[in-house]
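J.: Take a look at the following structure, please.
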Amino acid sequence: MSSRITRLAPSPTGALHLGNLRTFLINWALARCDGWRIEMRIEDLDGPRIRPGAAQGVLDTLHWVGIDWDGPVRIQSADLDPYVAAMRDLAQMQLVYPCELSRSEIEAAASAPHGSEGEVCFPPSLRPKDRPERFDDVQTNWRFAVDGRTIVFDDGFAGRVERCPAEQCGDFVVWTRRGQPAYQLAVVVDDARQGVTDVVRGDDLLDSAARQIMLLEALNLRPRPRYTHLPLVVGPDGRRLAKRHGDTRIEYYRSRGATPERLIGLMAFWSGVQPRREPMSLNEFRDGFGLSTLPRGKMTFTQEDDQWLCEA
Ligand code: GLU
């Protein structure tokens, strides 16, 4: 039995679409091929973007496809104490500070251009010299004081990755004024307490990985996971799969009569497991999948894909 542990970490911001399914399916196949434990974690701390009922919908859809996990589902919002404890530790080291500046105030002070996601780089000039040693105000934003290091790691798919958070985002938010941890902190705390050794997810989170490594080093958390970032599925316009590309939800195709085998067959075609679109079982996908034959570039969802799924 392997001692490796991975997690599926959906954000219930909407229904599962073809792009999410591909990532989860590959994560599941890597785990089940090698005997890793799979944790299921609902990342529902993204306040306004969370949609009621979406978490159950995602779990039901995964279940229908046949993707399973081990042990109970962990829901982030159910217990905030571990994140508060991490904030206390960071405050004690004076690595975090409250910050009420608005986006426009930060923009006005930032000289660097915006990053690729429209992210403003928080300038060091705005970081207070005196930082509190106590985390005592949960109703305000808190930022992490990043140092100037370039973080280097070996990604299981992307290869050698180098990122400098100080240049990309500057001091990033780790606690939000909604009284909840921000994504970066929540992920790091949960990966550590769930013993996650292997993180497999979309490569839109490559920049985040460097921030997460900084946080886990600051908190001295173990284990340091091995990251595998997979290329995203995009629409014919080259942009990340989203509503503008029509209805790509799994439930939509299910309602049109598509079977799990047909959806998995498309994922297999997209992932280098088979040369053409043919229905495939989950176990065949698991046995046939390998990172070495996964196409390196973004995968484009085409009209032929859509038609084939609806041919059922
Ligand atoms: N909850 C995130 C998402 O659905 C994934 C975060 C992660 O895997 O670290 O995009």
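J.: Report, please, the projected area of the chain averaged over directions, based on the convex hull of its C-alpha atoms, in nm².
T.: Averaged projected area of the chain's Cα convex hull equals 16.1 nm².
J.: Given Cβ point charges of +1 (Lys, Arg) and -1 (Asp, Glu) and nothing else, what value in debye, to the nearest 20, does the dipole of segment 1-98 about its Cα centre take?
T.: 220
J.: Say the dipole of segment 164-221 comes from +1 at the beta carbon of Lys and Arg and -1 at that of Asp and Glu; which of Thr197, Val174, Leu215 then lies farthest toward its positive end?
T.: Most positive-ward Cα: Val174.
J.: Report relative contact order for the chain in percent, whole number only (criteria: Cα-Cα under 8 Å, sequence separation at least 6).
T.: Contact order relative to length: 18 percent.
J.: Moving on. In the chain, with Lys and Arg counted as +1 and Asp and Glu as -1 at Cβ, which of these residues, Ile50, Asn27, Leu101, has the Cα nearest the positive end of the dipole, that is, farthest along it?
T.: Asn27
J.: Taking R0 as 25 Å, what's the FRET efficiency between Glu251 and Lys298 from their Cβ-Cβ distance, rounded to 0.05?
T.: So the FRET efficiency works out to roughly 0.55.
J.: Also, quick follow-up: Ranking Trp64, Trp28 by Cβ neighbours within 10 Å, fewest first, what do you get?
T.: By the 10 Å Cβ count, ascending: Trp64, Trp28.
J.: Counting other beta carbons within 10 Å of each residue's own, what order do Ser292, Ser281 fall into, fewest first?
T.: Ser292, Ser281
J.: Using θ = phi - 60° and the Karplus relation 6.51 cos²θ - 1.76 cosθ + 1.60, list the HN-Hα couplings for segment 39-56 in order, rounded to whole Hz, with x at every Gly or Pro.
T.: With the stated coefficients, segment 39-56 comes to 8, 10, 10, 8, 9, 10, 9, 8, x, x, 7, 6, 10, x, x, 5, 4, 5 Hz.
J.: Could I get the Rg over Rh figure for segment 1-84? Both from C-alpha atoms, Rh via Kirkwood, rounded to two places.
T.: 0.98
J.: A further question follows. Kirkwood-based Rg over Rh for segment 146-224 (C-alpha set), two decimals?
T.: 0.94
J.: Compute from the Cα atoms of segment 125-165 the Rg and the Dmax, the latter being the longest Cα-Cα distance, and quote both in angstrom.
T.: 15.7, 41
J.: Something else: Where does segment 1-140 land on Rg/Rh, using Cα atoms and the Kirkwood Rh?
T.: In segment 1-140, Rg relative to Rh is 1.06.
J.: Still on this structure, please answer the following. Compute the convex hull volume of the Cα atoms of segment 168-312, divide it by the residue count, and report the result per residue in Å³ as a whole number.
T.: Given the Cα convex hull of segment 168-312, per-residue volume reads 163 Å³.
J.: Post the alpha-carbon centroid distance, segment 97-164 to segment 188-231, in whole angstrom.
T.: 17
J.: Take every DSSP beta bridge with both residues inside the chain and express the antiparallel ones as a percent of the total, to the nearest 5.
T.: 45
J.: Relative contact order (percent) for segment 243-312, with alpha-carbon contacts under 8 angstrom and 6 or more residues of separation?
T.: Taking the mean separation of contacting Cα pairs over the length of segment 243-312, I get 36 percent.
J.: How many angstrom lie between the C-alpha centres of segment 251-267 and segment 45-67?
T.: Cα centroid to Cα centroid, the span is 17 Å.
J.: How big is the dipole moment of segment 252-311 about its Cα centre under a simple scheme where the beta carbon of each Lys and Arg is +1, that of each Asp and Glu is -1, and everything else is neutral? Debye, nearest 20, please.
T.: Its charge dipole is roughly 180 debye.
J.: Determine, at each q value in 0.21, 0.34 (inverse angstroms), the log₁₀ of I(q)/I(0) that the Debye formula gives when each Cα of segment 4-44 is one equal point scatterer.
T.: So the normalised log intensities are -0.66, -1.15.
J.: Starting from the Kirkwood Rh over alpha-carbon pairs, what translational D in µm² s⁻¹ does segment 200-261 have by Stokes-Einstein at 25 °C and 0.890 mPa s?
T.: For the chosen part, D equals 168 µm²/s.
J.: To the nearest 20 debye, what is the magnitude of the charge dipole of segment 100-214 about its Cα centre, counting +1 on the Cβ of each Lys and Arg and -1 on the Cβ of each Asp and Glu?
T.: Dipole of segment 100-214, to the nearest 20 debye: 280 debye.
J.: Give the calculated FRET efficiency between Arg193 and Asp68 to the nearest 0.05, with a Förster radius of 22 Å applied to their Cβ-Cβ distance.
T.: 0.50
We did not get these values from a lab; they are worked out from the coordinates using the rules stated. Note that this is a predicted model, so its numbers are computed, not measured. Glycine also receives a Cβ, built like all others from the backbone with ideal geometry; neighbour counts cover every protein chain displayed.
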